[in-house]
1. Name the residues whose placed amide hydrogens come within less than 5 Å of the amide hydrogen of residue A:67, ignoring near sequence neighbours (fewer than 5 apart) on the same chain.
2. Give me the residues in region A:113-157 whose solvent-accessible area, probe 1.4 Å, is reduced by at least 20 Å² once all protein chains are included instead of the chain isolated.
3. Does the protein assembly as shown come out rounded, prolate or oblate by the C-alpha gyration tensor, with a ≥ b ≥ c the root eigenvalues, rounded set by a/c under 1.5 and, if not, prolate when a/b is larger than b/c and oblate if not?
4. Is region A:194-266 best put as rounded, prolate or oblate by its Cα gyration tensor, with a ≥ b ≥ c the root eigenvalues, rounded for a/c under 1.5, and otherwise prolate when a/b is larger than b/c, oblate when not?
5. Can you work out ³J(HN,Hα) from phi for every residue in region A:79-84, in order, using Karplus 6.51 cos²θ - 1.76 cosθ + 1.60 and θ = phi - 60°, giving whole Hz and x for Gly and Pro?
6. Taking 24 Å as the cut-off for C-alpha to C-alpha distance, list the pairs among A:56/A:203; A:150/A:203; A:150/B:214; A:61/A:150; A:56/A:217 that go past it.
7. Which whole-Hz couplings ³J(HN,Hα) result when phi for each residue of region A:168-179 is put into the Karplus expression 6.51 cos²θ - 1.76 cosθ + 1.60, θ = phi - 60°, listed in order with x for Gly and Pro?
8. Enumerate the amide H contacts of residue A:277 below 5 Å, restricted to partners 5 or more residues apart or on another chain; note that Pro and chain-start residues carry no placed amide H.
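The values are calculated or read from the model by the stated rules, or taken from the named source; none is laboratory data. Note that the structure is predicted; figures quoted are calculated from it, not measured. Here Cβ is always computed from backbone atoms with ideal geometry, including for glycine, and neighbour counts include all displayed protein chains. Heads up: the accessible areas ignore ligands, DNA and RNA and are worked out on the full protein's heavy atoms, side chains in. Shrake-Rupley method; radii C 1.70, N 1.55, O 1.52, S 1.80 Å.
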Amino acid sequence: MTERPARTTGSDRPMIRLEHLTKAYPRQPHPAVQDLTLDVPEGEIVVLVGPSGCGKTTTMKMINRIIEPTSGRIVLDGEDVTGADPDQLRRRIGYVIQQIGLFPHRTIAENIGTVPRVLGWNRRRIAARVDELLETIGMDPAVYRDRYPKELSGGQRQRVGVARALSADPDVMLMDEPFGAIDPITRERLQNEFLRLQSEVRKTIVFVTHDIDEAIKMGDRIAILREGSEVVQYDTPERILTAPADEFVSDFIGAGASLKRLNLSRVRDIELSRRPTVGEDATAEEALGVLRASSHPAVLVLDRQGRPRRWLGEADLKRADGRPLTSLGMPPEAVVEPHATLSDALNELIAASYSIATVVDGAGVYQGVVDIDRISDAIRAMRGHGRRPADTAAVEDGVHGPAGSA
Amino acid sequence: MHPGGADILDFLDFVWQRREEVLQRSLEHVGLVAAAVALSAVLGVLLGLLTYRNATARTAVIAATGTFLTIPSFALFVLLLGIVGLGTAPVVIALTMYGLLPVVRNTVTGLLQVDPAIVESAQGMGLSRRQRLLQIELPIAWPVVLTGIRVSTVVLVGIAAIGAIVNGPGLGHFIFNGLARVATPVAVDLVLTGIVGVVIVAILFDAVFTLLGKLTTSEGLR
């Protein structure tokens with residue numbers, strides 16, 4: 001067995017190490033997974049992506065031994081767990097599957113508290129943890145704690161599934177197409193919420209999907225797999241998009257790589273555009289003055305907390321007739337937060353009036369706007385630096401080719 | 001012949017005269033069926049749990065318990081009489097055998113209907129095989145299992161009446177006494193007492209199961 005060279009940076013410590021992992025089924029000519037070696041660094045989301053039947057789900061399920069490997073080793077946090085008690089092992093690993101699989105006969109609180117209960121936590125500690133997690137996923141504990149899964153929407157069930165996987169605070173999470181069964185609009189929102197959550201909890205995550213766009217959005221690193229779970233390229237999303245290893249990878253990425261790169265930049269990474277603003281107590285005449293002094297077609301009304309309330313055009317203000325500003329114009333419908341990707345912002349602003357996306361922070365306070373000019377600036381900037389993204393040097397030493405090719 | 005109204009009054013008078021025996025026999029009937037249903041339920045659920053994951057085993061168990069039901073009750077009571085003697089024992093044993101099929105079949109069906117994704121997520125969270133079965137699969141299958149027990153109860157309330165042939169307890173006594181007095185004035189009243197008693201016991205059991213279903217089924221499954 002060959003030892004991998006030691007890492008140059010401490011934070012790059014592998015949390016999960018798969019060594020020469022093989023899964024062969026009887027009466028099948030080719031193994032589902034053949035001699036796979038892969039390191040998953042601590043605190044990162046590693047996405048396994050590939051066409052259906054490439055062995056990505058089998059690979060993931062060998063990590064928590066839902067599927068037992070035929071040969072090879074699984075090392076978790078420095079400990080060989082290939083022969084460990086599978087139930088004990090699984091209690092240390094969060095698990096989210098596409099169908100979520102909430103227990104229909106148990107309340108939301110009981111569902112989330114499953115692993116803590118099995119681990120023997122006391123009632124008070126479980127209740128406190130459940131409430132904390134419900135808060136984290138933005139569901140009011142007083143409202144949802146005692147509800148049953150059938151009373152929730154698909155998106156809420158998915159959130160509860162994630163909370164349940166996080167309940168005993170595992171270091172590692174396995175997610176098998178976790179957003180696969182959700183409508184595109186909700187999926188977008190859940191992906192963003194999950195990324196924000198991950199930026200706080202910093203779990204080591206193995207994420208399986210067949211959707212390259214999702215892989216680019218979610219992954220710190222992406223392993224592109226083909227039949228037999230062969231790693232074709234294991235790299236950052238930037239490198240995968242700008243320097244695909246071979247034709248298989250470029251075919252898999254498909255057309256529109258520039259547009260896909262909009263998934264890599266976030267609203268917080270670009271300079272926001274400014275728009276004129278007025279307080280909600282201002283008069284229509286004052287607002288009209290502010291608007292005319294600017295070169296923009298609309299002025300944004302902010303409430304006392306600085307949160308956007310209305311977009312008002314000149315015509316709205318002329319017809320104000322003494323009514324409060326907040327009853328005029330259009331509410332800002334395209335609202336994004338700084339962690340949203342430029343792709344999200346573009347999607348939003350295309351449909352919005354005045355063709356702008358309004359940016360607010362976590363508390364809803366107005367930050368600025370994204371307009372089409374900012375998006376094209378960003379695309380131009382990426383083209384300029386595309387071949388050498390600023391942060392690839394730091395991760396290149398964590399990259400392995402397919403097993404055995406080194 | 002009396003007019004109809006008078007017939008009913010005569011019958012009620014007949015029952016009232018024998019009210020203590022009627023109550024006594026009814027309570028025996030309830031006790032007998034309750035004991036047999038409890039045994040069929042425990043054994044049937046156990047057999048279901050042990051066999052549902054293996055196609056051959058579950059087919060075999062369902063076929064075997066189905067065969068029990070094809071044995072005429074009269075014959076089975078007499079057959080058991082030779083082994084365990086007269087009285088309650090042969091009746092309870094025979095009724096338990098008759099009660100197995102609906103319980104086993106519904107247990108197997110209920111467990112197989114549990115969404116595999118739910119079982120996999122339980123497995124992925126580190127619940128042991130036993131925890132998955134007792135805390136997840138069986139509670140989710142429970143409404144279907146309970147329906148099986150309920151069906152078996154309805155069947156047993158009727159068959160239990162035949163148990164009087166081997167001197168078993170219950171309302172069957174009225175029916176057999178009536179048979180023995182065919183062509184006498186009391187024959188019809190005796191048989192009717194038995195039949196009406198059986199129907200009332202069946203209705204009471206059904207009411208108990210409705211209540212039991214409400215109390216033991218998770219709100220999330222309704």
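1. A:62
2. Residues of region A:113-157 that lose at least 20 Å² of accessible area once the other chains are added: A:114, A:115, A:118, A:148, A:150.
3. On the way: a/c = 3.78, a/b = 1.86, b/c = 2.03.
It is oblate, given that a/c is not under 1.5 and a/b is not larger than b/c.
4. In terms of gyration-tensor shape, oblate.
5. 10, 6, 10, 4, x, 5
6. Values: A:56/A:203 20 Å; A:150/A:203 29 Å; A:150/B:214 18 Å; A:61/A:150 27 Å; A:56/A:217 18 Å.
Going by Cα-Cα distance, A:150/A:203; A:61/A:150 fall outside the 24 Å limit.
7. Values, residue by residue: 9, 6, x, 6, 10, 10, 10, 10, 9, 6, x, 10 Hz.
8. A:300
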